[in-house]
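The values are calculated or read from the model by the stated rules, or taken from the named source; none is laboratory data. Please read all numbers here as calculations on a predicted model, not as lab measurements. Heads up, the Cβs are rebuilt from the backbone with ideal geometry, glycines too, and the neighbour counts pull from every protein chain shown. Just the protein is used for accessible areas: all its heavy atoms, side chains included, with ligands, DNA and RNA removed. Shrake-Rupley method; radii C 1.70, N 1.55, O 1.52, S 1.80 Å.
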Amino acid sequence: QVQLVESGGGSVQPGGSLRLSCAVSRNGIWINAMGWYRQAPGKQRELVATILPDGNTNYADFCLGRFTISTDNAKNTVYLQMNSLKPEDTADYYCNAKNNIRNYWGQGTQVTVSS
């Protein structure tokens, strides 16, 4: 079983920054990709960014140039650096790991952007 534990959420003013972390326990399971998703109240969960084992990344249009996904393999951690945050970035952010069999999800961390 893959276990994902997010941290780093919180409240920030518009224009501020947050860094989300996802501690990954693979338990010997191969992962094809890691990613971050978010779900705002009343909305469907949506992709934010993904990163492959070779380092290739993919971002949703709404966060291009503002968010950066990265990994620290030595620490088994995936990060999401979020800059220039906007009120519309308010959501629960979820860490995701996937392989050819299934998706794994963390419990989520809340991000609130408000003045």
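Between THR57 and TRP105, full extension at 0.36 nm per residue minus the direct alpha carbon distance yields a gain of 15.4 nm. Given R0 = 30 Å, the distance between the Cβ atoms of LYS86 and TRP30 translates into a calculated FRET efficiency of 0.25.
Share of carbon and sulfur in the accessible area of the chain stands at 45%, probe radius 1.4 Å.
Taking the Cα centre of the chain as reference, the dipole from Cβ charges on Lys and Arg (+1) and Asp and Glu (-1) amounts to some 160 debye. Across region 92-107, coupling constants 3J(HN,Hα) worked out from phi with the 6.51/-1.76/1.60 Karplus curve, θ = phi - 60°, read 8, 9, 10, 7, 9, 10, 9, 9, 6, 9, 7, 9, 10, 10, x, 7 Hz, and Gly and Pro carry x. Compactness check for the chain: Cα Rg over 2.2 N^0.38 Å is 1.01.
Here, P(r) means the percent of Cα pairs in each 5 Å bin from 0 to the largest distance; for region 71-113 it is 6, 16, 21, 23, 18, 11, 4, 1.
By the Stokes-Einstein formula, at 1.002 mPa s and 20 °C, region 17-63 with its Kirkwood radius over alpha-carbon pairs has D equal to 171 µm²/s.
Note that the chain presents 55 Å² accessible area per residue, ligands and nucleic acids not counted, probe 1.4 Å.
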